[in-house]
1. Given the pairs K15/K58; K171/K207; K131/K211, which are separated by over 22 angstrom at their Cα positions?
2. Taking amide hydrogens as modeled 1.01 Å from N in the peptide plane, which residues meet the under 5 Å criterion relative to V192, leaving out close sequence neighbours?
3. Between rounded, prolate and oblate, where does region 2-105 land on the alpha carbon gyration tensor, with a ≥ b ≥ c its root eigenvalues, rounded for a/c under 1.5, else prolate if a/b exceeds b/c?
4. Full extension from K58 to Q2: what is 0.36 nm times the residue separation minus their Cα-Cα distance, to one decimal in nm?
5. Just order 207-213, 44-50 by mean Cβ neighbour count inside 10 Å, highest at the front, would you?
6. Go through region 131-143 residue by residue and turn each phi into a ³J(HN,Hα) via Karplus (6.51, -1.76, 1.60, θ = phi - 60°); whole Hz please, and just put x for glycine and proline.
7. Please name which of L110, S156, L26 has its Cα lying farthest along the dipole of the chain towards the positive end, using unit charges on Cβ (Lys, Arg +1; Asp, Glu -1) and the Cα centre as origin.
8. In terms of modelled amide H atoms, which long-range or inter-chain residues lie less than 5 Å from the amide H of S23?
Amino acid sequence: MQIEKQLQDLVSKAKTALDARLSSILLYGSAARNEFDSGHSDLNILILTNDLHPATLKAAAPLLIWWVEQRNPQPLLFTLDEFRRSCDAFPIEISDIKASHRILLGESPLEGLSVDRAHHRAQLEHEIRSKLLRLRQKAMPVLGDNKALLRLMEDSVTTFLLFIRHALLLKQLEAPAARRSLVEAAHRAGLVDPLPFAQLIDLREGKLSPKSVDSVQLFEDYLKQIQSLVASVDAL
């Protein structure tokens, strides 16, 4: 109920702030797939306008500040024309929005949009490698801290699950919405061993006690599967 209230307030404030300049508002990601986890998930929002002149940005600023103050990520803000021309620049994001979205206001901007497979594959490899490098960097100072290392992996796993989803899509395979079904599908496709991801999902959902987990061993197993995912995407 709280989520619905936030979304209703967002739409109301956006209509007041932007009026005729507002084209569409979309919710996308886990909340649109009914997988929202209040402890970890975000309310991801796409706002499309007719223009983004300085006057429009000024009008939108209080809305965006308010939304971030509600502990939500900054919305993606595009003009409708920019968004429809960005399939080659943001293939992962646009593919993800196409796959899981809910229109909160206006018409769908997604009709007729298609993502080039080569652009999709190249961005996916770049993103996985970048996030893997960042994960290693963040892990080094906390390798001796069981709680901090587990938290780091828990915070990162949804990003890598997103990458798994897109690897399956690139292989033209079904990418289930449910997280555990997703990693099992990836296992069947030869992308990853599901165990490290399943453990991290259980930790996030409170189904596994952190005290029962060897964080360094889990981190080693987790890195190995991410490296396997990179190699699979590189070979596509």
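Every number here is computed from the coordinates shown, using simple stated rules; none is lab data. This is a predicted model, so every value here is computed, not measured. When we count neighbours, we look across all protein chains shown, and the Cβ atoms used for this are built from the backbone with ideal geometry, even at glycine.
1. Working: K15/K58 14 Å; K171/K207 31 Å; K131/K211 26 Å.
Too far apart for the 22 Å limit: K171/K207; K131/K211.
2. H187
3. Working: a/c = 1.86, a/b = 1.12, b/c = 1.66.
Note, shape of region 2-105 comes out oblate.
4. Numbers: separation 56, 0.36 × 56 = 20.16 nm, distance 2.79 nm.
Length gained between K58 and Q2: 17.4 nm.
5. Numbers: 207-213: 11.9, 44-50: 22.0.
Per-residue mean Cβ counts within 10 Å order the peptides as 44-50, 207-213.
6. Here the 3J(HN,Hα) series is 5, 5, 4, 5, 4, 4, 4, 6, 6, 3, x, 10, 5 Hz.
7. Value: S156.
8. Under 5 Å from the amide H of S23 lie the amide H atoms of L48, T49, N50, each far enough along the sequence or on another chain.
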